[in-house]
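All remarks here apply to the structure that follows.
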């Protein structure tokens, strides 16, 4: 599961680093230490927190993130909060700021993108279709 540093959580939630630290200090958001001893938040915990609180507005790409593929111009970066797969299709839900975005795609596409709750992704909207793009932090 991805781990996000405090600055990355702040960018996704569009709040200050200090606000995220207050959330952690007051127990609103669970955090632990990464391998380097820095405070970090588990991707699944962050997905649940953002879904429950919708504490952010439309979030920018985090510093150091780059899109590894795209097909549309209206791009909404956010966090995957739920993935439901069946034999052929997958339903992917994302929290994009205060907005919940849902995409239906092939299971194969969801598997290839490794989409799981807590994954950083972009909902790319083109006409009536929503395309999910996987992100890679550098």
- Message: Quick check on residue 87: is it surrounded by fewer than 15 Cβ atoms within 10 Å (Cβ to Cβ), in contact with a helix residue (DSSP H, G or I) (Cβ under 9 Å, 6 or more places away or on another chain) and touching a residue at least 12 places away in the same chain (Cβ under 8 Å)?
- Response: yes
- Before we move on, is residue 55 touching a helix residue (DSSP H, G or I) at 6+ places or on another chain (Cβ under 6 Å), crowded, with 16+ Cβ neighbours inside 10 Å and modelled with pLDDT under 90? yes
- Message: I'd like the full set of residues that are under 14 Å from the mean Cα position of the chain (by Cα), free of Cβ contacts under 8 Å to residues at least 40 places away in the same chain and not in a strand (DSSP E or B), limited to the stretch 90-138.
- Response: 113, 114, 115
- Query: Which condition number in (1) under 26 Å from residue 53 (Cβ atoms); (2) exposed (fewer than 15 other Cβ atoms within 10 Å of the Cβ) is the one that residue 120 fails?
  - Reply: (2)
- Task: Using the structure shown, decide if residue 16 is in contact with a helix residue (DSSP H, G or I) (Cβ under 7 Å, 6 or more places away or on another chain), within 18 Å of residue 125 (Cβ to Cβ) and at pLDDT below 90.
- Result: no
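The values are calculated or read from the model by the stated rules, or taken from the named source; none is laboratory data. Not measured: the values here are computed from a predicted model. Note that each Cβ is placed from the backbone with ideal geometry, even for glycine, and that neighbours are counted across all protein chains shown.
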